[in-house]
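The values are calculated or read from the model by the stated rules, or taken from the named source; none is laboratory data. Just so we're clear, the structure is a prediction, and the values are computed from it rather than from any experiment. Cβ placement follows ideal geometry from the backbone for every residue including glycine, while neighbour counts extend to all protein chains displayed. Note: areas computed on protein heavy atoms with side chains; ligands, DNA, RNA excluded. Shrake-Rupley method; radii C 1.70, N 1.55, O 1.52, S 1.80 Å.
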Amino acid sequence: MDDNNEVVRYWGAQGLLLLGRAAGPALPRLNRTLRTDASTQVRISAAETLIRQGHRVTEAVDFLSRTLAEHADVRVRLQAINALTFIDTDLARPASPAIEAAATSKDEYLHNAGRYLRFVLDGTYTPSSPVFEPVPAS
C-alpha cells in the first residue's frame, strides 16, 4: 500500500478487499488511502473495502458517489459504480442521484451498470429486467 507504483497499491487494496474481515489490521492504512492516495482507482478500492468492513461508511460512500458523478474518466466512473454495486444496497442508497445519472449516460457500459443498480436499489430487478439496452447514438 506504500509502493510508488499505483498499480501495486491498487492490487494491494484489492487483496485487502478479498481478505474480508481478516483485513482488519489494515483499516488505519485504508483510511489514509481513502483520504490521501493520489490515485482515484486506489481510493475506490479502499472505499469499497472500508464499507464492507463497516468503517468510514458515510465518507466512503460519499467519495464513491462524487467520483461516479464528477470524474472526467468514464472508466473510473464505471469502477465507482461497480464498487457501489457490490456493497449492501442500503449503504449504496445515498448515491442514488449519481446512480440515476449513470443510468442515463451516453456511455453504454456506465448506462447499463446504472440501470442494473437502479433496478436493484428500487427492488424491481428480475432476471428479465431490461438492463442491457442500446444507447442512442448522439
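Note on region 89-116: residues that are over 18 Å from F132 (Cβ atoms) and touching a residue at least 12 places away in the same chain (Cβ under 8 Å) amount to 10. Just one of (1) assigned to a helix (DSSP H, G or I); (2) in contact (Cβ under 8 Å) with a residue 24 or more places away in the chain; (3) open to solvent by 50 Å² or more (accessible area, probe 1.4 Å); (4) farther than 16 Å from V61 by Cα fails for Q41. It is (4).
Each residue in region 46-59 was checked for being out of contact with any Leu (no Cβ under 8 Å at 6 or more places or on another chain) and either within 15 Å of Q14 (Cβ to Cβ) or open to solvent by 70 Å² or more (accessible area, probe 1.4 Å) (or both), and 1 of them qualify.
Please determine whether any residue of region 77-90 is assigned to a helix (DSSP H, G or I), in contact with a Leu (Cβ under 9 Å, 6 or more places away or on another chain), over 18 Å from Y10 (Cα atoms) and β-branched (V, I, T). Taking every residue of region 77-90 in turn, at least one turns out to be assigned to a helix (DSSP H, G or I), in contact with a Leu (Cβ under 9 Å, 6 or more places away or on another chain), over 18 Å from Y10 (Cα atoms) and β-branched (V, I, T). Only one entry in L18, L30 is surrounded by 20 or more Cβ atoms within 10 Å (Cβ to Cβ) and either of a type outside the set (D, E, K, R) or touching a residue at least 40 places away in the same chain (Cβ under 8 Å) (or both), namely L30. Restricting attention to region 104-135, the residues that are over 20 Å from D73 (Cα atoms), open to solvent by 40 Å² or more (accessible area, probe 1.4 Å) and part of a loop (DSSP other than H, G, I, E, B) add up to 11. In the set (1) farther than 25 Å from A23 by Cα; (2) of a type in the set (D, E, K, R); (3) loosely packed, with under 15 Cβ neighbours inside 10 Å; (4) at pLDDT 95 or above, the condition left unmet by D62 is number (1).
Among the residues of region 122-131, none qualifies, meaning not one is over 24 Å from R52 (Cβ atoms), touching a residue at least 24 places away in the same chain (Cβ under 8 Å) and not acidic (D, E). The condition of being more than 25 Å from R29 (Cα to Cα), open to solvent by 50 Å² or more (accessible area, probe 1.4 Å), within 13 Å of the chain's Cα centre (by Cα) and hydrophobic (A, V, I, L, M, F, W, C) does not hold for A101.
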